[in-house]
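One structure below.
Just so it is clear, none of the values below were taken in a lab; they were calculated from the coordinates. All figures in this text were calculated on a predicted structure; none of them were measured in a lab. All Cβ positions, glycine included, derive from the backbone under ideal geometry; neighbour counts span all protein chains shown.
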C-alpha cells in the first residue's frame, strides 16, 4: 500500500509540463547570462594580455562557454539539459570555425590578390592580358601578367572537356537508357575512378604517352590528365539528371515509332539539356584548379602558346605554383593575383551551376 | 475462339532489331567502359614500374627509409607511406567531430535560411582548388600555427606527442594535418548532412514525443540511422586526404626518415607530395621509375579506401530507400 501512496504523492509533486507555454523569462535570462559572461571574460583577456586570439578562443572561450551553458541548462532544465547544451555550443562553435576559415581564405585572397590586379594607376588590365616573357621575379608589377596562363588553362580545360564530356554522357546514357547487364559494374568503376588522386592521373599520362615518346609535354597531355579527373564528375551528375527525365517521354517517343537511338538523341538528351550543362560546368570546376597533373604533363612556359600538341604550356595553377616558390615579394604578389583570378573563375562556374540547378528544381515543382 | 494474349514488349531492354540502334548501343556500351579501361591502364602501367622497383630494391622499397640514387641506388618509401597515414589520421581527428557537429547544426538546429547558406558554404569550400588552400596555408595559417604549436609544446610538452627538441615548428605534420582536415571537412559534412537529413521525420517526432532531449534523439535515432553513410563519408574524406599533393607540398617539410609520433616536430612524409617534389629534379629513368612505383602504391591505397567507402555509402543508401 505504501508504494502506491508514494507514487501518488510523487505524481502530485511533479509540476505539469506545458511545452506550448510561452518561453519563460527565466530561460531567456539564463541564456543571456550564459552568453554574456564568458564573452565579457574573454574580451577582458583580449584587452589585457597578448595571447594569440585563436588560442584564447579555443582554450579559454570554448570551455568557458561550455561550462556556462551547462550551468544555465542545469538551472532551467535539470540534468538532462546539460548534454543538449554541450551539443548546441559545440555545434555553433564548429559552424563559426568553418566560417572563420572560409572568410580568412577569401579575405586573404582579395586583400593580397588585389595588389597585383590594382595599382596606383587603377585596374591593371595588363596583368590579365600580358604574358610572362622578359619578366623576372623582381620586375615591377606594372609589367607582365598571366594572360598566357589564362589562355593555357582555357586550352587545357577545353581539350579535357572535348574528351571527357562525350564519354561521361555516354556512360550516363548507358546506365540510364541502354540499361545493359553491366550497369552495376560500370557505376562502381566510375565511382572508384572519382577517387583517383590527381597526381596519379598525371603519372599515368606521363608514363603511357610521354615517357613512351608518343607525345611531348603539352596542352594535349595536360588535357588528357584533366579528362581522367573530369569524367567521373560529368558521368555521375549526368546520370542523376537523366534519371529525372520522366519515363513517359521515352515510352511516348517509342510509341510514335522512333528508334531507341533517336529517343536518346532527340528526346531524352534535349529534355535534360540544362542538367547536362550543369554536369559539364561541375566537371570543369572540378579540374580547373588541379595543379599536380599539370606539373607532370604540361610543365610551364613564359610565352603565349597556342599550339596544343608540341610545346610546354602555362596554366593558372602552375603559374601560381612557380611564383610561390620564388623568394621575391613581387612574384608572391603575382601568385596571389593569379590565385584570386582562379578563385573567381571557380566561383563563377559554381554560381552558374547553382542557378541552373535551382531553375531546374523550380520548374519541376 | 479466344483472343490472342497481347505479348508484353520489354521497352527497357536493349533492342537489337534496328541497325542504327545496334550501332548506337555498341558505341555507348564501349564508351561506358572507359572508366574500367583507365583504372586497368593505371594499374598495369604503374604496376609494371612497381614490379620493377620491387625486383631491384626488394621489399626494402616498402620498409626502409633511405633514398640515395647513384652508383648503388637505395630507395625506400616507408617514411612516406607512414607519413601519409599519420597526416590523414591527424586530419581525421580534427575533421570528424567538426564535420559531424557542422552537419548536425545544418540539419537539426539552424533555421532554414542559415541551413541553406551553410550548405552552400560547405560546397564552396569543397570546390576551392588545393593550390589556393596551399597558398593560404603557407602564408596565412603557418605563422599563427607555429605560435600555437610552441604554446602546445610549452604547456603540454611532457606528453610525448607534443615533444619538440629542435625549436623549429615549421613544416610539421600537425600543420599539414590541419590543412588536410580543412579539405576533408566539406566532404564528410556534405555526405553526413545528406544522410542525417534522410532520417524519417516519424522517428524524430516519436523520439521527441517520448520526451527525448535533442542529444538523446541524435544518439539513439539519427546517428544510428545514418551510421553507414557517415562512415562512408569519412572514408571518402580519407581517400582525398591520402591523395592530396599540392597543399601538403607547401606546408610539410619532406623527410625520408619516419617521424613516428612527434607531430609538432618539423618534418614528415607523404607519398603524393614526394612525387611532385622529386619530379622536378629527377636524376634519370631509374628514379622516375621509382616515383611511378610510389604512385602505384598511392593508387592502390586510395582505390581500396574509395571502393570500401562507395560500398558502404551505396549499401546504406539502398537500405534507406
| remark: Length gained if residue B:308 through residue B:150 is fully extended, taking 0.36 nm per residue and subtracting the Cα-Cα distance, is 53.0 nm
| note | Out of A:52, A:197, A:293, a Gaussian network model of chain A with alpha-carbon springs under 10 Å gives the largest mean-square fluctuation to A:52
| remark: Put in order of increasing Cβ neighbours within 10 Å, starting from the fewest, B:262, A:148, B:18 give B:18, B:262, A:148
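Provide the packing ranking of B:198-206, A:213-221, i.e. peptides ordered by the mean count of other C-beta atoms within 10 Å per residue, highest first.
Result, highest mean Cβ count within 10 Å first: A:213-221, B:198-206.
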| request: Considering Cα pairs under 8 angstrom that are at least six residues apart, work out the relative contact order of segment A:124-244 and quote it in whole percent. | output: 32
| request: Order by neighbour count: A:297, B:273, fewest other Cβ atoms within 10 Å first, most last. | output: B:273, A:297
| Stretch gain in nm, segment residue A:79-residue A:28, where the contour uses 0.36 nm per residue and the Cα spacing is subtracted | 16.5 nm
| message | Nearest 10 degrees is fine. How inclined is helix A:62-77 to the longest principal axis of chain A, computing both from alpha carbons? | response | 40
| task | Return the FRET efficiency for the residue pair residue A:181, residue B:117: r is the Cβ-Cβ distance, R0 is 60 Å, and the value is rounded to the nearest 0.05. | result | 0.85
| message | I need the shape label for chain A. Rule: rounded when a/c is under 1.5, else prolate if a/b > b/c, else oblate, with a, b, c from the alpha carbon gyration tensor. | response | oblate
| By how many degrees, 0 to 90 and rounded to 10, does the Cα axis of helix A:80-117 deviate from the longest principal axis of chain A? | 30
| remark: Exposure proxy check on A:262, B:315: fewest-to-most Cβ neighbours within 10 Å is B:315, A:262
| What does a probe at residue A:244 reach in segment A:277-309, counting residues whose amide N is under 17 Å from the point 7 Å along Cα→Cβ? | A:277-283
| query | Once every DSSP H run of n ≥ 4 in chain A is given -39500 (n - 2.57) and the sum is divided by its residues, what mean residue ellipticity at 222 nm do you get, rounded to the nearest 500 deg cm²/dmol? | reply | -22500 deg cm²/dmol
| What order do you get for A:240-250, B:98-108 when each peptide is scored by the mean count of other beta carbon atoms within 10 Å, highest first? | B:98-108, A:240-250
| Using a basic spin-label model with each label point 7 Å from the Cα along Cα→Cβ, how many nm lie between residue A:47 and residue A:309? | 7.3
| query | Roughly how many Å is it from the Cα centre of segment A:189-240 to that of segment A:82-150, as a whole number? | reply | 28
| note | For the pair residue B:27 and residue A:328, the simple spin-label estimate (label points 7 Å beyond Cα toward Cβ) gives in nm 5.2
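Classify the protein assembly as shown as rounded, prolate or oblate from the Cα gyration tensor: take a ≥ b ≥ c as the square roots of its eigenvalues, call it rounded if a/c is under 1.5, otherwise prolate when a/b beats b/c and oblate if not.
Working: a/c = 1.70, a/b = 1.12, b/c = 1.52.
Note, shape of the protein assembly as shown comes out oblate.
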| note | If the label point sits 7 Å along Cα→Cβ of residue B:66, residues of segment B:255-281 with amide N under 15 Å come out as B:256-258
| note | With the 8 Å Cα cutoff and a minimum separation of six or more residues, segment B:154-250 has a relative contact order in percent of 39
| field | Candidates B:164, B:25, B:116, ranked by Gaussian network fluctuation over chain B, Cα under 10 Å, top entry | value | B:25
| query | For segment A:190-232, list residues with backbone N below 17 Å from a point placed 7 Å from the Cα of residue B:51 toward its Cβ? | reply | A:208
| From the square roots a ≥ b ≥ c of the eigenvalues of the alpha-carbon gyration tensor of segment A:22-115, which class results: rounded (a/c under 1.5), prolate (a/b over b/c), or oblate? | prolate
| field | Tilt relative to chain A, helix A:219-244 - C-alpha long axis, 0 to 90 degrees, to 10 | value | 50
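Can you tell me, using C-alpha contacts under 8 Å and at least 6 residues apart, the relative contact order of chain B as a whole percent?
26
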